[in-house]
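Chemist: The structure is given below, and queries will be raised subsequently.
The values are calculated or read from the model by the stated rules, or taken from the named source; none is laboratory data. What you see is a predicted model; the values in this text were computed from it and never measured. We place every Cβ from the backbone using ideal geometry, glycine too, and count neighbours over all the protein chains shown.
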Amino acid sequence: MTPEKLKNLLEQVSNGKVSIDNALQELKDINYQDLGFAKIDHHRELRTGYPEVIFSQGKTAGQVRDIIDQMLTRGNNILATRATEEMYKEVKKLTKDAIYNPYAKTISIKQKDITPPSTYIAVVTAGTSDIPVAEEAAITAEIFGNNVHRIFDVGVAGIHRLYDRLPEIRGARVVVVIAGMEGALPSIVGGLVDKPVIAVPTSIGYGANFQGLSALLGMLTSCASGVSVVNIDNGFGAGYMASMINKL
């Protein structure tokens, strides 16, 4: 339930186009809908401006399908993260509009157009191996109505590649920088741009990388100002935050 949809419903009640009983039926699950195994937070978009997103890891394919089945009735764009192909096959039975990204492991369903801001989000990776996390960030931002520029494989081992794309990166409203190994790229980008940088450490790297911990600590101790950090492999969190900044 978006603020616009609620306002429209109240106006229709006021002018007699919708009865009070029908309006109550529309609003009966405005807080949340209890499915037993899940409580769908339909009220979230009204509170925060963004609908609930399904974190699929740990859920069964049937549970993800049933949650999406109910969310489809609301007319919102739908995103499920950490999803498997088995989950996608179940969701595809509900709607042909479901799209699966095997890199990002996301299921996205576009039910409405959202006019994007004139600005864009740059999603930058250090290496090709970081693309799955980058795609999760990019798809998250896109499903919420943002234009995204993908700039991949421009890490510090070949820093000239970054400089070639610097005008495009500087033109963004906010920059998401994704890196594994030692996680140095966000510091470099942060020292070259006048826009907020959201750093995403990935678990890509050899043993001393400690499944992304070295990249995380490197980003947290960045000497560049304007760099904030999300959790290891959390492309969704970065894409969500970038969307909020881009729409300010």
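Chemist: Residues to consider are 93, 5, 89; find the one that is modelled with pLDDT under 85 and either of a type in the set (Lys, Arg) or touching a strand residue (DSSP E or B) at 6+ places or on another chain (Cβ under 7 Å) (or both).
Modeler: Of 93, 5, 89, the one residue that is modelled with pLDDT under 85 and either of a type in the set (Lys, Arg) or touching a strand residue (DSSP E or B) at 6+ places or on another chain (Cβ under 7 Å) (or both) is 5.
Chemist: Does residue 107 meet the test of being aliphatic (A, V, I, L, M), touching a helix residue (DSSP H, G or I) at 6+ places or on another chain (Cβ under 7 Å) and under 20 Å from residue 136 (Cβ atoms)?
Modeler: yes
Chemist: Within the group 58, 36, 16, which residue is under 21 Å from residue 107 (Cβ atoms), surrounded by fewer than 12 Cβ atoms within 10 Å (Cβ to Cβ) and modelled with pLDDT of 70 or more?
Modeler: After ruling out the rest, the residue left standing is 58.
Chemist: Would you confirm, using the coordinates I've provided, whether residue 83 is buried (at least 24 other Cβ atoms within 10 Å of the Cβ), within 22 Å of residue 205 (Cβ to Cβ) and touching a residue at least 24 places away in the same chain (Cβ under 8 Å)?
Modeler: Answer is no for this residue.
Chemist: Here is a follow-up. Scan region 170-184 and tell me whether some residue there is surrounded by fewer than 20 Cβ atoms within 10 Å (Cβ to Cβ), more than 29 Å from residue 52 (Cα to Cα) and modelled with pLDDT of 95 or more.
Modeler: Yes; the residues of region 170-184 include at least one that is surrounded by fewer than 20 Cβ atoms within 10 Å (Cβ to Cβ), more than 29 Å from residue 52 (Cα to Cα) and modelled with pLDDT of 95 or more.
Chemist: Looking only at helices (runs of 4 or more DSSP H) that fall completely inside region 156-248, which ones have 3 or more residues that are closer than 28 Å to residue 114 by Cα?
Modeler: Ranges flagged: 166-170, 235-246.
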